[in-house]
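What follows is a single structure, written as structure tokens, with notes after it.
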Amino acid sequence: MSHPEEDLGELEELDAIVDVLVDSAPPGSHDQERRHSITSDEEDALSAAGAIAVLRRGLAATPELRQGVVLTLALAVATALGKLAVPILIQQILDRGVFGKDGYRPGFVAAACCGAAVGIIALYFISRATFLRLVRSAEASLLGLRVRTFHHIQRLSLADHVEQRRGALVARVTSDVETLAQFTEWGAVAWIVDTVLIVTTVAVMVVYSPPLAAVAVAVFLPLLPALGYLQRRQLAAYDELRTAVGGTLSEVSELVTGASVVQAYGLQRRTRRRLDRAARTQYKAQMGAAKWFAVMFPLSDFFGALALATVISVGALNGPAWGLDLGKLVAFVFLVNLLLGPIAELSEILDQTQTAIAGWRKILGVLATPIDVTEPENGITLPTGPLAVDFEDLRFTYRTGGEVLRGINLHLPAGAYVAVVGETGSGKTTIAKLLCRLADPTAGTLRVGGIDLRQVAPESRRSTVRMVPQDGFLFDTTIAENVRVGAPETSDAAIQSAFDSLGLGGWLEDVPGGLHAPVGERGGSLSVGERQLVALARAQLGNPGLLVLDEATSSVDPKTEQALSEALERLTAGRTVVNIAHRLSSAERADLVVVVDNGNVVETGTHAELVAAGGTYATLYSSWLGNTRVLRDD
Amino acid sequence: MRRGGALLWLSVRAQAGPFALAIVGATLFAVMAVVGTVVIGRITDKVIIPAFEEGGVSNRAVALAAAAVIGASLLRIVGVVLRRYFGQMAQRRMQMLWFKRVTDRYLAVPLSWFDDQPTGQLLAHADADCERSTIAMQPLPFSIGVLIIIIVSMTLLAFVDPVLLAVAVCLFPGLALINKAYTKRVEGPAAATQARVGDVSAVAHESFEGTLLVKTLGLEAREVARLKEKADQLRQERLIVGRLRAGFEPGLDALPSLGTIALLWLGAGRLASGAITTGQLVQAMVLFGILAFPFRIVGFLLEELPRAVVANDRVQQVLVAPKRLLPTTTVALPTGPLDVVLDAVSFTHGPDAVLRDVSARVAPGEVVALVGATGSGKSTLCSLIAHLIDPDAGSVLIGGVPLPETDPVEFHRTTALVFQESFLFSDSVRENLSLGDDIDDDVIFAALDIAKARSFVERLPHGLDEKLGERGVTLSGGQRQRLSLARALLRQPRVLLLDDATSAVDATVERAILDGLRHSVAATTVIVAHRISTIALADRVLMLDGGRITAEGTHHELLAQPSYAALVRAYEQAPL
Ligand SMILES: Nc1ncnc2c1ncn2[C@@H]1O[C@H](COP(=O)(O)OP(=O)(O)OP(=O)(O)O)[C@@H](O)[C@H]1O
Ligand SMILES: Nc1ncnc2c1ncn2[C@@H]1O[C@H](COP(=O)(O)OP(=O)(O)OP(=O)(O)O)[C@@H](O)[C@H]1O
Ligand SMILES: [Mg+2]
Ligand SMILES: [Mg+2]
């Protein structure tokens, strides 16, 4: 029935749809942490600004689209002219070809018909060419917009990413752009064609008989507020529907991503209940929207019939007196019918237009989100070799919650092996994030190699400062590719030797497929410890002057961890290493131990000094000893 | 096509009531649409022509004409409303039916089934695929109505004039053929376009999911290039579709116009020769107007049908997934502490034999530590005991009852597993702990106390009612882990499985948690552990190596074994 690739494609396209829908989940579920998020400030300002403002700003942000506007106009006029040809021809033939003063004039009829046919064929070719140009220019501009938006999102800080649902961000570069594509190639054309058609139809009516035209227009007028009302109701209904669909998807997504918890805790019945509730809400919302959808079109039909009845009655009763003739009145009947088409179509594409404007607004909202970690103009390149790190009264607060780092002053000498230890939630990961400039300190400065991190050129920073994060994310590809992202030009042999140098060659041999084994979504086909091994090998490539390890071996067995630590120590000669670990084995061998407690650095010194000092570290260490040593008296 | 028909038939039968109403509506609309043209024709002859040629018409005739036009419209409206509303109802109900079946299956499949299913696809199956499966139901009533329109209007036209009928017979099948050819040619590129949209979405998704990595490694440029490549492929695919559409769409407007011109040309002659009346010519032209659209509707149906079948195939793939075996007769677990027995258990992940012929027993109330190198199968063993996966060979028993024979509800009340990677729902802290059960705050706080999570939960701005972000992103690693631990303790399980459940907490807190466990939890416990303190908490130790249990005994007994000592005493070799 269909090719396999096609199926796959559709599946993925569905993902995209799901993303939009997830994105439109009820905002309430997150409002606690959304105070500064992209969706609130920027977008609210835009939504207040209304559709016209969105259009203006959108066109400013996408200059390529302006060329499309001209083409769209040309296309619309061509199409409208083609449609108008027929009623005019009817009038001409009836009045001048059949019922005219000279009776039946076959020559005139033939000439008129041929003329009209030639005109329609010519317009066909014009429309075709214009449409092609339109598609080309629209696609080019949308490609630009998509890439620019994606790039902007990439440059947004981690905090912005944390605040957004992932699906929402994906939607910005997929479905939102898609709605725009749809709109530029269908909706926008329809709008202009329909408007031109309505205007020209009314104009032709006026030419035939001004009073009758006035009557027809007057009958149609009340349709506008009625449609406006329906449109608002329909929009509200669609909003409700999107919220409901978002709700259903969140339930399904929790069922799917949390399947292990659902099964381990026997939550099937609870989940079923919640799913049923969500599905019921969604069905109700769907039928609520269906109600408006059902009456939308009939409404125009009814006004059309009303106009027709009025035109016929008034025309038949007063026509002769107003100087109308048979052909013109018949043409009027067709003109009223002709009006009906665009009006009905407009009422239906209003919906598509709203979606497109909403999508555009969201894209503009993202593009307008300031990048809070801005890269410097002429950044300074960090020196090669080990780098010293200086914290000066460094403070940090996440967008929600209280101050997490409360004035840290610290000097880490170049080439030192530094262990950062401290209670959970004390702010260690936060320090690591600041070192990689995933966020900027709220106050104070952070210097690497003597240079304020904010002044460092981004390329230099990325190749010189490397972090192995707490939870090892792997791309859904092979082990080798996952290592290679750290240093793109690396050969398989070099990757193999990176594993070997960490003493992991043996482990790799045991993995079926070795370097080319696929790791699964998020690395799911590897055990948790194994994922950390791959992440370490990745950091090992490249030659960072500052290496930050955030619990990089927390799930690895002690023997492997010891072997890894030794290897790392050997390999990291000539680098500064900041190792965050709960396993104090790393602290024992460190040049400097930094103890963080509740956002403050409470102790610094070597392991021996701190143990002797008998402070926080000494307590921590004795717990660690108790936790890891076979006590002598055992 | 046949499968499409079968799918439609199945859906129609399942939603017979609303569907029948929709068809009644469509039929009413069809008939009234044609009647409308007759009305216009008659009005032309009886009202408009007399008004101009015979010097006036009676008010009564005019009123009748107006009433007829409006009456026809009202009946059409009733038809449209019925068709649209009940058509939607049939479709949406069917969608919900598929949704329920798919999600029921998600709840019934074994956990391992989820391994090879990308999350995005699982979501798509429950949502978009269910919707798509029903998408062909929408144009169906209208299509049936359209067939009526075509038949009735052709017949009417035949009555009006055979010459005009001939024009229609030439034109409309031509339109249908063009429509069909277009659909056929655009199908491939359109599907390709969808595939490219999928590619773009996949790149974006993965890229945003790995933001931390992208940012720290400076992969932005690479990611932008990756996206640009996919987006450009999409653009090119779109241009192909655009080229086809550029030929087709304007043609669809032009052809009926040309047909009408032909009609007018021939009709003018027939009119002049008196073969037909003006009214009949007008009626024929209005008929042409309403005939052009129906072919598109049938076109939509034919276009949607294969898509519905493809979507439904994916739904069916879910529906044929094997269910977890549910016991036919369940055996109640004994009261009191339970033992756990592994009897010659083997398990394979793909090509990998992870566990081979593993036998062990954990006595009632005993605490057993499970140790082993990275990737040795500890998590796999925990999943087996928690009955998340079934062994390929051998069996697992608790309280003497083989797991497949236990009552699922009772089993879940009895056992709790704390996963190596903490999973938190994006819901409140309370909901994450109680999991929907009605549990007293006192009980919750008692569990938080043991897990040493109470103080930080109390410091959260909304306490227990604080909402957590996606996957709990706003908590630190250790905070997430302690909440998962509390979730398990809260249920006061008789069998407790802790898979490295303290890896992200510091030594002091770990110690406190272990003390709490020792004093206040009386469950049969299996602890996956790396640290000696945890191991020392255990009555006995099992060591996994190469898929087998290679050592078993108390910690002290095992220390004599070099491989065990090398693994657990690694930290002691560290230079001080
Ligand atoms: N994105 C965030 N938004 C708000 N608060 C956050 C965010 N990330 C972390 N926090 C809070 O900041 C504090 C410090 O977190 P951090 O992750 O730095 O701790 P940590 O020392 O690394 O702990 P652990 O040892 O458990 O990993 C915690 O209280 C945490 O709840
Ligand atoms: N979904 C999967 N598909 C294929 N192989 C898997 C899958 N899950 C685990 N494995 C493999 O099975 C083996 C055992 O994995 P398991 O997670 O049980 O190890 P573990 O002992 O818990 O390791 P760790 O200490 O790292 O958590 C590993 O070699 C792993 O690569
Ligand atoms: Mg941390
Ligand atoms: Mg594990």
Got at least one residue in the stretch A:266-275 being part of a helix (DSSP H, G or I), within 30 Å of B:Ser428 (Cα to Cα) and more than 10 Å from chain B (Cβ to nearest Cβ)? no
Enumerate the pairs (first residue in the stretch B:40-66 and at pLDDT below 85; second residue anywhere and among the acidic types (Asp, Glu)) with beta-carbon separation below 9 Å, excluding pairs fewer than 6 apart on the same chain, so at least 6 apart or on different chains. B:Phe52/A:Asp325
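Could you tell me which of the residues A:Gly529, A:Gly545 is open to solvent by less than 10 Å² (accessible area, probe 1.4 Å), within 15 Å of ligand 4 (Cβ to nearest atom) and at pLDDT 85 or above?
Every option except A:Gly529 fails the conditions.
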Mind listing whichever residues of the stretch A:462-488 are in contact (Cβ under 8 Å) with a residue 60 or more places away in the chain, more than 16 Å from ligand 3 (Cβ to nearest atom) and open to solvent by 10 Å² or more (accessible area, probe 1.4 Å)? A:Ser463, A:Thr464, A:Arg466
Answer yes or no as to whether B:Val368 is within 14 Å of chain A (Cβ to nearest Cβ) and open to solvent by less than 60 Å² (accessible area, probe 1.4 Å). no
Given (1) of a type outside the set (Phe, Trp, Tyr); (2) touching an Asp or Glu at 6+ places or on another chain (Cβ under 6 Å); (3) touching a residue at least 60 places away in the same chain (Cβ under 8 Å), index of the condition A:Val245 fails: (2)
Search the stretch A:415-451 for residues being within 13 Å of ligand 1 (Cβ to nearest atom) and polar (S, T, N, Q), and hand back the single one that is farthest from A:His607 (Cα to Cα). A:Thr442
Report whether or not A:Asp500 is among the acidic types (Asp, Glu) and without any contact (Cβ under 8 Å) to a residue 12 or more places away in the chain. yes
Just the residues that are assigned to a strand (DSSP E or B) and among the β-branched types (Val, Ile, Thr), please, taken from the stretch A:389-413. A:Val389, A:Thr397, A:Val404, A:Ile408
Exception for A:Gly523 within (1) more than 39 Å from the chain's Cα centre (by Cα); (2) more than 9 Å from every other protein chain (Cβ to nearest Cβ); (3) within 16 Å of ligand 4 (Cβ to nearest atom) falls at (1)
Please determine whether any residue of the stretch A:310-321 is at the interface with another protein chain (Cβ under 7 Å from one of its Cβ atoms), under 19 Å from A:Ala244 (Cα atoms) and either open to solvent by less than 10 Å² (accessible area, probe 1.4 Å) or of a type in the set (A, V, I, L, M) (or both). no
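Looking at A:Ala539, A:Ala535, A:Ala498 in this structure, which one is open to solvent by less than 30 Å² (accessible area, probe 1.4 Å), closer than 30 Å to A:Pro413 by Cβ, within 13 Å of ligand 2 (Cβ to nearest atom) and outside the structural domain of A:Glu459 (by TED's automatic domain parsing)?
Details: A:Ala539 fails: within 13 Å of ligand 2 (Cβ to nearest atom); A:Ala498 fails: within 13 Å of ligand 2 (Cβ to nearest atom).
Exactly one residue qualifies, and that residue is A:Ala535.
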By residue number, the members of the stretch A:131-190 that are without any contact (Cβ under 8 Å) to a residue 60 or more places away in the chain and among the acidic types (Asp, Glu) are A:Glu139, A:Glu185
Scope the stretch B:491-513; condition in a helix (DSSP H, G or I), open to solvent by less than 10 Å² (accessible area, probe 1.4 Å) and aliphatic (A, V, I, L, M); matching residues: B:Ala507, B:Ile513
Among the residues of the stretch B:182-210 satisfying the criterion of being polar (S, T, N, Q) and at the interface with chain A (Cβ under 7 Å from one of its Cβ atoms), which is least open to solvent (accessible area, probe 1.4 Å)? B:Ser201
Is at least one residue of the stretch A:589-610 at negative phi, surrounded by 24 or more Cβ atoms within 10 Å (Cβ to Cβ) and in a helix (DSSP H, G or I)? no
Hey, A:Pro222 open to solvent by 30 Å² or more (accessible area, probe 1.4 Å) and touching a residue at least 60 places away in the same chain (Cβ under 8 Å) or not: yes
Subset of the stretch B:151-160 [surrounded by fewer than 20 Cβ atoms within 10 Å (Cβ to Cβ) and of a type outside the set (Ser, Thr, Tyr)]: B:Ile151, B:Val152, B:Met154, B:Leu156, B:Ala158, B:Phe159
Among what's in the stretch B:543-566 and is under 42 Å from the mean Cα position of the chain (by Cα) and crowded, with 19+ Cβ neighbours inside 10 Å, pick the residue that is farthest from B:Arg531 (Cα to Cα). B:Gly547
Go through the stretch A:337-377 and report how many residues are in a loop (DSSP other than H, G, I, E, B), among the polar types (S, T, N, Q) and touching a residue at least 24 places away in the same chain (Cβ under 8 Å). 1
Yes or no: B:Ala416 at pLDDT 85 or above and part of a strand (DSSP E or B)? yes
Listing of helices (runs of 4 or more DSSP H) fully contained in the stretch A:136-196 that carry 3 or more residues being under 30 Å from A:Lys433 (Cβ atoms) and in contact with a helix residue (DSSP H, G or I) (Cβ under 8 Å, 6 or more places away or on another chain): A:158-163, A:166-173
Quick test of your reading of the structure: B:Ala254 fulfils all but one of (1) crowded, with 21+ Cβ neighbours inside 10 Å; (2) at pLDDT 85 or above. Name the failing condition by number. (2)
Among the residues that make up the stretch B:261-275, is at least one of them among the hydroxyl-bearing types (Ser, Thr, Tyr), assigned to a helix (DSSP H, G or I) and assigned by TED's automatic domain parsing to the domain that holds B:Val163? no
Residue match in the stretch A:157-180 (condition: out of contact with any Gly (no Cβ under 6 Å at 6 or more places or on another chain), more than 30 Å from B:Leu468 (Cα to Cα) and open to solvent by 20 Å² or more (accessible area, probe 1.4 Å)): yes
So for the stretch B:534-545 (the condition being farther than 20 Å from B:Gln420 by Cβ and among the hydroxyl-bearing types (Ser, Thr, Tyr)), does at least one residue qualify? no
Looking at (1) within 15 Å of ligand 2 (Cβ to nearest atom); (2) modelled with pLDDT of 90 or more, which is the only condition B:Ile389 fails? (2)
Taking first residues from the stretch B:364-387 that are outside the structural domain of B:Ser112 (by TED's automatic domain parsing) and without any contact (Cβ under 8 Å) to a residue 24 or more places away in the chain and second residues anywhere that are among the β-branched types (Val, Ile, Thr) and within 14 Å of ligand 4 (Cβ to nearest atom), the pairs with Cβ under 6 Å that are 6 or more apart or on different chains are B:Thr374/A:Val556; B:Thr374/A:Thr560
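The values are calculated or read from the model by the stated rules, or taken from the named source; none is laboratory data. For clarity, every value in this text was computed on a predicted model and none was experimentally measured. So basically every Cβ, Gly included, is an ideal-geometry build from the backbone, and we count neighbours across all protein chains shown. Keep in mind that these areas ignore ligands, DNA and RNA; they rest on the heavy atoms of the full protein, side chains included. Shrake-Rupley method; radii C 1.70, N 1.55, O 1.52, S 1.80 Å.
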